[in-house]
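Comments concern the structure below.
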Protein chains: 4
Amino acid sequence: METPLILIDPLPRTLDLICYPEIRRRLEELGRLVISEDRPMPDEMVEKYLPEVSLLIGQTAMPRERLNCAPKLKAIVNVEGNFLPNIDYQACAERGIYVLTPGAAFARSVAESALAMAIDLARGITAADRAFRAGAEKYGLAGNEGTFLFTGAPVGIIGFGDLGRTLRALLVPFRNPVSVFDPWLPPEVIRDHCCEPVGLDDLLGSSRVVFVFASATSENRGFIGKREFELMQPGSVFLILSRAAVVDFPEFLRQVQSGRIRAATDVFPDEPVAAESPARSMEGLLLSAHRTGGTTDALLQIGRMTVADAELILRGLPPQLCRRADPAVAARLRSKPVAVT
Amino acid sequence: METPLILIDPLPRTLDLICYPEIRRRLEELGRLVISEDRPMPDEMVEKYLPEVSLLIGQTAMPRERLNCAPKLKAIVNVEGNFLPNIDYQACAERGIYVLTPGAAFARSVAESALAMAIDLARGITAADRAFRAGAEKYGLAGNEGTFLFTGAPVGIIGFGDLGRTLRALLVPFRNPVSVFDPWLPPEVIRDHCCEPVGLDDLLGSSRVVFVFASATSENRGFIGKREFELMQPGSVFLILSRAAVVDFPEFLRQVQSGRIRAATDVFPDEPVAAESPARSMEGLLLSAHRTGGTTDALLQIGRMTVADAELILRGLPPQLCRRADPAVAARLRSKPVAVT
Amino acid sequence: METPLILIDPLPRTLDLICYPEIRRRLEELGRLVISEDRPMPDEMVEKYLPEVSLLIGQTAMPRERLNCAPKLKAIVNVEGNFLPNIDYQACAERGIYVLTPGAAFARSVAESALAMAIDLARGITAADRAFRAGAEKYGLAGNEGTFLFTGAPVGIIGFGDLGRTLRALLVPFRNPVSVFDPWLPPEVIRDHCCEPVGLDDLLGSSRVVFVFASATSENRGFIGKREFELMQPGSVFLILSRAAVVDFPEFLRQVQSGRIRAATDVFPDEPVAAESPARSMEGLLLSAHRTGGTTDALLQIGRMTVADAELILRGLPPQLCRRADPAVAARLRSKPVAVT
Amino acid sequence: METPLILIDPLPRTLDLICYPEIRRRLEELGRLVISEDRPMPDEMVEKYLPEVSLLIGQTAMPRERLNCAPKLKAIVNVEGNFLPNIDYQACAERGIYVLTPGAAFARSVAESALAMAIDLARGITAADRAFRAGAEKYGLAGNEGTFLFTGAPVGIIGFGDLGRTLRALLVPFRNPVSVFDPWLPPEVIRDHCCEPVGLDDLLGSSRVVFVFASATSENRGFIGKREFELMQPGSVFLILSRAAVVDFPEFLRQVQSGRIRAATDVFPDEPVAAESPARSMEGLLLSAHRTGGTTDALLQIGRMTVADAELILRGLPPQLCRRADPAVAARLRSKPVAVT
């Protein structure tokens, strides 16, 4: 069998960031690697290799004309983590070219942070540390005023993909009743994970802790706004872990400022956040600078998933770890590409 | 059957703190209640009722002479949470009088806090919030420098009673390898909880996250000191959730100050902590003012466990929820009584 | 410290049956062993050693007079598995002598059998094998007539001690709603195991699968009789795994014979069962000759639990694996001693 | 929006077999149903409706010419459970037509049977029942000779798709070490399910209980033969739950007959099995007439999964419950169509 040619165009990732040595070794055994890591792969370089390429690992634009020049191409693996609009998904489907992304690589990092932040808000952990540093700590029962036990508290999850499901698994020993709102999923899938499928309003009204994992799509911009926040019970906890665009962010900050809810957010409409943003000094807000997912471990998961699936594909077997692009879905997603890892 | 007499002397708790209405109602149905909540029950009051008392709920001193005057006494339930030396445990054993404490009432509150704090230290959650408030946040991968994934990290648990076991159950979905040091337990019990029984030194050297739940006894004062801390890997995480006396506390603070380890502590040698304590400004320390256990929910658990066991005992059945004092063990414990709830 | 003297009088067990070599070695390291395995320890031998004995492993009679002659005795471990009336439990309590039994040793053996038998009855496994051997098998859907899926079916557990709880843990992935009837337990304990505490009638009426683990006591002889069986839904499944005495056995057989219920039983009023017993040919009955518990593995568990607790006790620590006799409870139990292992 | 046309050609299933009333109602709300249940849909009927059909539920042949005549077709759902070679999978992929099968519908039925059969063989349940009926039962320990505890025994799973994974989840409380052989899966997927990926020989040599869930493909006919059976430890247990073709069946029967292994099989090279087959009287064989999967409940799962996915597809969303055909994989499968349900 001839040695497959593998184009690697991973920026803003690099192979070192996503592969530990054993995985790098497995990748090198798969074929001949052509790598562009210091800059996006130049057009002439891409085009030169199209006739021979079997596998493309990276975010290279692949319109139909390029696909037409790549008769041996079997798969494209986006290692950034979000499907981008620079690929002709329909043409790939027709050709049986897998378009993949190891999106689940981030799930464990995000889910464990999300859980810790939720307990933090329920129990006042960071706030109590801050009070202690200010010499204003309260001991014992007095120090727990306004807090609640996370164990057993009703939880709502908005968006039930890899992240939401990984979090849900972490909740099992806490015995929370869990309701889920995800308009892309049938109730059967939600119930199979021991959650109750509900509408958005019901979820907001009945949960003490609400996790937002919803992707940003062409249809859901700002779908949690003033009306929705006001459905929440006072003293509840709200965590944004996916995209700032899915909430009305100024209204979100007003709700936290007012003290009606406590919240955490890992994302902001503009990053970096302005120095003078009022978010920086809100008592009820736990601030995270888009860092719940992007851990060293998550990046190494990307390499592990990519290489394991590449091995299968080159053996003629279907991939098992990365998510496949669905042309219908890919067209709806509205993620911004990541500028820096 | 004659109506049992129940003495209730719960300070520093009160019935309202430990019983929600349904539990209070069940308690009142059990017998005639004689309650002293505004002050410890006066001696003359205790002594007046001894001949008739069936159940004592509270921390009243019960030396052998008093026990001798209480022929109907079936059980003493300490609702503070720690066995005190003011009871003649041997005399109770001879008489078949249960001496009980609902110590497990605090387990869920402590365990969920402990888990959140451990993830917080592994992932830098509170520290990142503090940096954000100071305008010094870093985004994405850069913001995760020096952190590690809690999921899958080796965990060590020192002291494997109610608290340690409740925490262990919360760890299941995280798939941490868990080692346990508890010199009071046989390896069989530890293995039954899917943990590895190890010596203290092994535990400290091999764990990324160490939880201390050990009770203070007559034998273990300061058993984790300089030598032990130096066995830990740099960048590891250490959490004290039981009693400050079990560690060499000044050395503990030196280790955190030096940056070798990150830590959380819920307890301090002297509480409240002095205003000028250097602990208040250490970057690597998560500060908690003896508040992981004393939640509203935990106190209500006390009532629930006390009343459920009282119901059984008055039906002639053994208690099922509270822990029984073991004369041998009770003599070794060195908890200070709680002054305020 | 002087070498403790350990009397070993284990019949109908023998040390070889209950100890694998490593456990035997640990036992021998504990002290000087005086063993009687070929016959019950003769009275004169027992009495000779009483003044020095620290630990008694076996079923030797220990009335108060003997206890009075054994000032160093710390614990008695019954290795047969049931507390017998030949011990003065009250005298032991007064002296702080632990009376123990490794009753949980049988739990895993019984529970896995019980689960397999329940699925067998729900799905018709043994019956289908019998039909196949008779040349009367039916394929596919036709072969499943009258069966039901065990997964998710309502389960009732009568008696919620070690056996019931071990079974309950095995059910978790099957997602059965589980109700429990146990008059010795408060609802709190049952709910802590994710079961619903209910009355006996409710349990029988609402469950598709009923497991009986109740011990025989002075109060519950035949408490499941005609009236109770008639509460069960036709086509339900009933399994007896503890003592035949707790059901009206002739009525039980009539119910199975009639085809109203399918059943399994591991116990019989008289064992061995008479050659001509009609039970031997009932279509709806799964027959087990008192063999769900008495496995090689269970017997080896006895030794493991006994020796681990003996080690603790001789170090002055409380036992952790065996169950302690409760004088009140021990007096109510009505188990027959086991004649053969 | 115009009402979608849905062709329903489900034989050997019928709508009543696969839909309970609520699911039938949801199906009817989805569009206009054209149903052929008493015979396979006649060609002229299929062809008449092709120009309008949105959804095809059934096993109708769909070569490229028919697909070309069905411009509105969005999905084909095979409700028999196996992909058949009568569809042009490549043409469907090019058109973005989902080809689906609710194969997981059988997983719970098969998995619970497989577990019960494995415990049965480990513990001798059906064999003991047979002995009891023959008047030859042995009680207690004597009745357990040659058996072993399933709990904790090393398990091997061959083929790790829906069935194998569902079984694996049932094993969790039994704490078996589980190894998996599946050449279509990367080690990462197997480890994510807490199993050890191993080669076939290792699996056979190290497991006490071996489950075969492998599909029959063009490549694996009889891949478990004499050499492989001889790698197994004497007294081990072997269960065939997928297709008889994957083992050398005569050799399998010889191994069971010899007493080296105990076994269960749900499938046979020819069904119905010949009246005089020696399999019918083998002591070590648990016989099941292709009935572990085909339960009423599994058939109703088919309808539930089909209708839930049909709802999503008609809303423009990707299916979530059924498995999608992969052209590469579909070409390798060698299932015989089911003649009767």
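The values are calculated or read from the model by the stated rules, or taken from the named source; none is laboratory data. As the structure is a computational prediction, the values presented were derived from the model and not from experiment. Neighbour counts are summed over all protein chains in view; Cβ atoms, including those assigned to glycine, are modelled from backbone coordinates with ideal geometry.
Points to keep in mind about this one:
- Tabulated pairs, region D:70-97, first within 23 Å of residue D:217 (Cβ to Cβ), second surrounded by fewer than 18 Cβ atoms within 10 Å (Cβ to Cβ) and modelled with pLDDT of 95 or more, C-beta under 7 angstrom, 6+ apart or interchain: D:86/D:61; D:88/D:63; D:88/D:64; D:91/D:64
- Looking only at region B:131-149, residues that are more than 7 Å from every other protein chain (Cβ to nearest Cβ) and either surrounded by fewer than 19 Cβ atoms within 10 Å (Cβ to Cβ) or closer than 26 Å to residue A:276 by Cβ (or both) come to 6 in all.
- Options D:96, D:103; residue that is modelled with pLDDT under 95 and under 21 Å from the mean Cα position of the chain (by Cα): D:103
- Long-range neighbours under 6 Å by Cβ, at least six apart or interchain, first residue of a type in the set (Asp, Glu) within region A:1-28, second assigned to a strand (DSSP E or B): A:9/A:58
- Of all the residues in region D:118-130, those that are crowded, with 23+ Cβ neighbours inside 10 Å and touching a residue at least 60 places away in the same chain (Cβ under 8 Å) number 5.
- Every pair of residues 6+ apart whose Cβ atoms lie under 6 Å, when the first sits in region A:163-178 and is β-branched (Val, Ile, Thr) while the second is modelled with pLDDT of 95 or more and not in a helix (DSSP H, G or I): A:178/A:155; A:178/A:195
- Taking the numbered list (1) surrounded by fewer than 21 Cβ atoms within 10 Å (Cβ to Cβ); (2) under 28 Å from the mean Cα position of the chain (by Cα); (3) touching a residue at least 12 places away in the same chain (Cβ under 8 Å) in turn, residue D:59 passes all entries but (1).
- Restricting region A:12-34 to residues that are in a loop (DSSP other than H, G, I, E, B) and crowded, with 20+ Cβ neighbours inside 10 Å, the residue that is modelled with the lowest pLDDT: A:13
- Test: residue in region C:199-216 that is surrounded by fewer than 20 Cβ atoms within 10 Å (Cβ to Cβ), at pLDDT 95 or above and not in a helix (DSSP H, G or I): yes
- Members of region D:321-339 found to be buried (at least 18 other Cβ atoms within 10 Å of the Cβ) and either among the polar types (S, T, N, Q) or modelled with pLDDT of 90 or more (or both), listed by number: D:321, D:322, D:323, D:324
- Residue check for residue C:161: away from chain D (no Cβ under 14 Å) and either modelled with pLDDT under 95 or more than 30 Å from residue D:282 (Cα to Cα) (or both): yes
- Only residues that are outside any strand (DSSP E or B) and under 21 Å from residue A:116 (Cα atoms) were counted in region A:235-251, giving 6.
- Filtered residues of region B:295-320 (kept if among the aliphatic types (A, V, I, L, M) and either surrounded by fewer than 18 Cβ atoms within 10 Å (Cβ to Cβ) or at pLDDT below 95 (or both)): B:300, B:314, B:317
- Restricting B:42, B:51 to residues that are closer than 14 Å to residue B:7 by Cα, more than 26 Å from the chain's Cα centre (by Cα) and touching a residue at least 12 places away in the same chain (Cβ under 8 Å) narrows the list to B:51.
- Some residue of region B:220-228 being within 12 Å of another protein chain (Cβ to nearest Cβ) and assigned to a loop (DSSP other than H, G, I, E, B): no
- Evaluating residue A:304 against the criteria (1) in contact (Cβ under 8 Å) with a residue 24 or more places away in the chain; (2) farther than 23 Å from residue A:323 by Cβ; (3) basic (Lys, Arg); (4) in contact with a helix residue (DSSP H, G or I) (Cβ under 7 Å, 6 or more places away or on another chain) leaves one unmet condition, (2).
- Within region C:164-204, being away from chain B (no Cβ under 13 Å), charged (D, E, K, R) and within 20 Å of residue C:243 (Cβ to Cβ) holds for one residue alone: C:168.
- Taking region A:250-286 as the range and being at the interface with chain B (Cβ under 8 Å from one of its Cβ atoms) and crowded, with 24+ Cβ neighbours inside 10 Å as the test, only A:286 passes.
- Condition check for residue B:111: more than 10 Å from chain A (Cβ to nearest Cβ), crowded, with 22+ Cβ neighbours inside 10 Å and touching a residue at least 12 places away in the same chain (Cβ under 8 Å): no
- Residue within region B:45-57 that is out of contact with any strand residue (DSSP E or B) (no Cβ under 8 Å at 6 or more places or on another chain), farther than 27 Å from residue A:140 by Cβ and outside any loop (DSSP other than H, G, I, E, B) present: yes
- Residues that are within 11 Å of another protein chain (Cβ to nearest Cβ), under 13 Å from residue A:313 (Cβ atoms) and buried (at least 19 other Cβ atoms within 10 Å of the Cβ) within region A:93-103 comprise A:97, A:98, listed in sequence order.
- If you go through region C:115-130 and keep only what is more than 9 Å from chain D (Cβ to nearest Cβ) and out of contact with any strand residue (DSSP E or B) (no Cβ under 7 Å at 6 or more places or on another chain), you end up with just C:127.
- Lone qualifier among B:82, B:86, B:68 - being more than 14 Å from chain C (Cβ to nearest Cβ), buried (at least 16 other Cβ atoms within 10 Å of the Cβ) and of a type outside the set (A, V, I, L, M, F, W, C): B:82
Rundown of residues vs (1) touching a Lys or Arg at 6+ places or on another chain (Cβ under 7 Å); (2) within 30 Å of residue D:291 (Cβ to Cβ), yes/no style:
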| position | (1), (2) |
| --- | --- |
| C:80 | yes, no |
| C:103 | yes, no |
| C:111 | no, yes |
| C:129 | no, yes |
| C:140 | yes, yes |
